[in-house]
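Here the structure comes first, spelled out in structure tokens, and everything after it is commentary.
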Amino acid sequence: MLIILVGAYMASLDNGQFERMVIMFIAALIALFIGTDYDDRKEAEERRLREQQHSPQISSHEQFQLLLDASADAVVVVKNARVTHANKLALQLLGGEIIGKSVQIAFRHAGAIERLSDPDVKHDGRPIRLIGIGLRDQIWEMRIAALGDNEKLVHLSDKTGPQAAEKMRVDFVANASHELLTPLAAIKGFIEALTETEAGAEKKTRKRFLKIMEDEASRMQALIRDLMSLSRIEAEKYHLPSAVLHMDRIITDTVQPLIEGADPRGHDIVLNLAADLPPVMGDEGRLRQLVSNIVANAMKYGRAATPIIVALEQSRSGSMLALSVADEGEGIAPEHLPRLTERFYRVDSGRSRAIGGTGLGLSLVKHIVDGHRGHLEIKSEQGKGTTIRVLIPIAGKQ
Ligand code: ADP
């Protein structure tokens, strides 16, 4: 209206009839345009408000529960600090009775309660670490998305696994450093003793000290060799070994030198290999390493002068070859069995070190078996002995 009045005033100023009409016409057009635009915007805003009032929240959609249950994480919806929805994983984690309960009762975790009960907290979607929901050692990451109208979508994802893997890596570096430092410290100590004290002048003592130093150096060498093997095997784990090999020949070639060697335990080895076995698909170097590690353990931990039976046969299903190495000895307590293939895990560290063990033998065996898509079983009876069984797929049956 104001624009039309201004237009009329301008038109009345000393202008000709035609110019006045043109100015009035343009002013009316501008007023119409602005007015329409203003009406449109107002109408759109009113419509949006109307829709907001009447359109249902996403959480009231009939398929919403299906959507929640499809998530691989535990998901909970909270409205006005009360649980309104939870998927199956969340019910398992927090308890089956949480729907309708307050966040204090449902979560029982101060950090979670703090963020979910306060309607004014702004959620930027960043993860919040929670320890102590579910099992005591479990680590969860909580993400909260505001759905509006004081409704919040809460995601809980289990981060215990990646955390454990990270801890294992850190522990491994610490253990490897410690294992290498121990013999090195002994070698340095004996060098000092030989150079700075009178012991170095005495031939018998010098010889004894040099022998200890040599043993410690060999221990370091064995450890470094095992560490290098482990890292190479880990790097190769996605390549399936492709050579067609006869397992009985690999076993004989590896074990015969032990049978004929200087260690008296070698004389206790009994080979029991079935005839005419089909070949396996494998990596010869790795399979020799596997046989050597298992037989060496039986020689180390089995009782002196008792037989070590090394047997090879076709598995019951016919799709694998089964190698077993059985010794007679103290055996292993059941609680240790699941952990024996962990790096540096030993039942008796002092004993293992004293007989030259690196603590990596069975871990290497496990990696080699996995690389061949095989299977490893460790059975042991305390006071009787231990049997290690390895199954390797027959060529063409992987
Ligand atoms: P190590 O170098 O200490 O022998 P391994 O990884 O080969 O390391 O074995 C891990 C541990 O498992 C050993 O320290 C030992 O306690 C136990 N172990 C392995 N083989 C046998 C066995 N045949 N009899 C009894 N204990 C065994």
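Just so you know, all these numbers are worked out from the coordinates, no wet-lab data involved. Note that the structure is a prediction, hence the values are computed from the model and not measured. Because the Cβ atoms are built from the backbone with ideal geometry, glycine has one as well, and the counts that use them run over all protein chains shown.
Data for the structure
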{"item": "The range 61-158, relative contact order in percent, only Cα pairs under 8 angstrom and at least six apart counted", "result": "26 percent"}
{"item": "Furthest towards positive pole of dipole, I105, I355, V369, structure part the chain, Cβ charges", "result": "I355"}
{"item": "Candidate aspartates and glutamates for bridging to K204, where Cα separation is under 19 Å - those fewer than 8 sequence places away on the same chain excluded", "result": "E192, E196, E214, D215, E216"}
{"item": "Label-to-label distance, nm, for residues given as E342 and E377 (7 Å Cα→Cβ offset)", "result": "2.4 nm"}
{"item": "Relative contact order computed over the chain (Cα-Cα under 8 Å; 6+ residues apart), in percent", "result": "10 percent"}
{"item": "For the range 294-310 and the range 221-246, distance of Cα centres in Å", "result": "24 Å"}
{"item": "Within the chain: Cβ-based charge dipole about Cα centre, in debye rounded to nearest 20 (Lys, Arg +1; Asp, Glu -1)", "result": "1100 debye"}
{"item": "Listed residues W140, N80, G329: farthest to the positive end of the dipole of the chain (Cβ charges)", "result": "G329"}
{"item": "The range 334-398: trypsin sites (Lys or Arg not before Pro) falling in loop per DSSP and having at most 15 other Cβ within 10 Å", "result": "R373, K384, K397"}
{"item": "Relative contact order %, the range 270-374, counting alpha carbon pairs below 8 Å whose residues are six or more apart", "result": "27 percent"}
{"item": "Bins of 20 Å, starting at 0 and running to the largest distance - Cα pair percent for the chain", "result": "19, 29, 25, 14, 7, 5, 1"}
